[in-house]
Ligand code: NAD
Ligand code: TYD
């Protein structure tokens with residue numbers, strides 16, 4: 001199997017690349033990534049010398065670049081996206097380019113070159129918020145943020161290509177993911193690294209929003225399962241089955257680091273903040289896949305990984321100034 005992994009230098013994509021090369025001796029992976037602020041070749045250092053791995057710097061909106069990288073591949077797995085909800089509120093345009101037009105470009109390449117499979121890595125956020133019960137794959141999508149609306153636009157293109165041209169695509173809709181190598185703008189790495197540096201952790205609103213947490217290794221395995229066993233044209237929910245309030249997540253982080261609740265700074269809520277995400281994952285379970293990582297162990301191990309690997313995140317937080325600028329722009333007006 002020769003795979004083109006788009007967005008493989010990000011958080012979940014790099015987990016997938018490292019994990020699939022370790023699991024499958026006969027797989028070759030070409031990682032194709034624009035290296036935006038969120039792309040980081042340090043995430044791929046563990047496989048950098050592996051002869052089965054290669055890297056191509058490129059944008060999924062650039063058809064010629066994708067076509068050249070996709071030569072001879074059996075499948076494309078698309079992780080490439082703008083992914084941070086808060087940044088989509090501050091500056092939505094890049095989300096429309098990459099998450100919609102970039103997905104369209106990949107579909108065109110799959111169609112033109114007869115590539116036998118594409119997995120579009122999507123998100124539970126396309127369904128929107130749900131107060132009780134859980135979303136199934138056939139529920140109507142109702143995204144709330146410019147991020148989730150852009151991901152939904154990508155999903156709709158994928159499904160339309162399958163219906164119209166028979167393009168062999170599957171969609172996974174994963175839930176909130178945690179683990180090592182996550183860019184420290186997202187809740188868990190932001191709070192852990194802030195706390196490690198003696199700073200406060202900015203909890204939005206009343207802290208009672210609920211997310212369903214999935215370990216990055218489980219997310220990678222769920223995508224692998226959909227790649228190998230998914231039916232073309234189908235959507236698969238990939239959830240962790242670990243619904244927690246942000247307040248609960250914060251308490252575990254502070255407990256693991258031996259800190260008190262006075263580390264929390266209550267800040268103004270995110271506009272349009274979805275209250276709860278919840279996935280019904282019985283379709284994946286019936287097909288034979290369920291997540292494996294125990295949540296509390298997985299989260300505590302993840303916290304210790306950030307504690308033990310400060311060189312990875314300090315380079316991001318204090319390196320180019322990009323992170324500092326984002327933090328100033330977003331958090332100054334919330335406090
Ligand atoms: P990330 O922000 O860590 O990484 C995104 C990667 O895509 C980066 O390496 C970036 O350089 C690359 N990229 C961005 N625009 C590109 C472009 N135009 N062309 C090529 N590469 C580009 O993201 P992540 O958290 O690893 O998420 C990966 C995928 O999983 C995304 O599609 C996201 O929507 C989905 N997802 C994420 C989560 C989560 O909790 N992180 C949950 C469910 C689904
Ligand atoms: P995030 O990691 O941005 O993921 P998503 O918005 O895609 O679910 O946020 C997870 C939850 O944490 C979400 O309810 C918003 C909340 N949150 C905070 O309370 N403070 C923060 O500084 C951030 C980044 C998120």
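Here the translational diffusion coefficient of the chain follows from Stokes-Einstein with Rh set to the Kirkwood radius across Cα pairs; for 10 °C and 1.306 mPa s it amounts to 79 µm²/s. Give the angle, between 0 and 90 degrees and rounded to the nearest 10, that separates the Cα long axis of helix 246-256 from the longest principal axis of the Cα atoms of the chain. Between helix and principal axis, roughly 70 degrees. Take every Cα pair under 8 Å whose residues are at least 6 apart in sequence, average their separation, divide by the length of the stretch 72-218, and the relative contact order is 25 percent.
How many angstrom separate the Cα center of the stretch 30-80 from the Cα center of the stretch 137-171? Each part's Cα centre sits 23 Å from the other's. Take every pair of alpha-carbon atoms less than 8 Å apart whose residues are at least six positions apart; their mean separation over the length of the chain yields a relative contact order of 17 percent. Springs join every pair of Cα atoms under 10 Å in this Gaussian network model of the chain, and among 155, 294, 274 the largest mean-square fluctuation is at 294.
GNM on the chain, alpha-carbon springs under 10 angstrom: the most fluctuating residue among 255, 221, 86 is 255.
I'd like the orientation of helix 295-308 relative to the chain: the angle between its Cα long axis and the longest Cα principal axis, in ° from 0 to 90, rounded to 10. Tilt relative to the chain: about 80 degrees. For the chain, the longest principal axis of the C-alpha atoms and the axis of helix 103-113 are separated by about 20°.
The Rg/Rh ratio for the stretch 114-263 is 1.04, where Rg is the radius of gyration of the alpha carbons and Rh is the Kirkwood radius.
Where a number appears in this text, it was derived from the coordinates with a stated rule and is not lab data. A quick note: this is a predicted structure, and the numbers were derived from the prediction, not measured.
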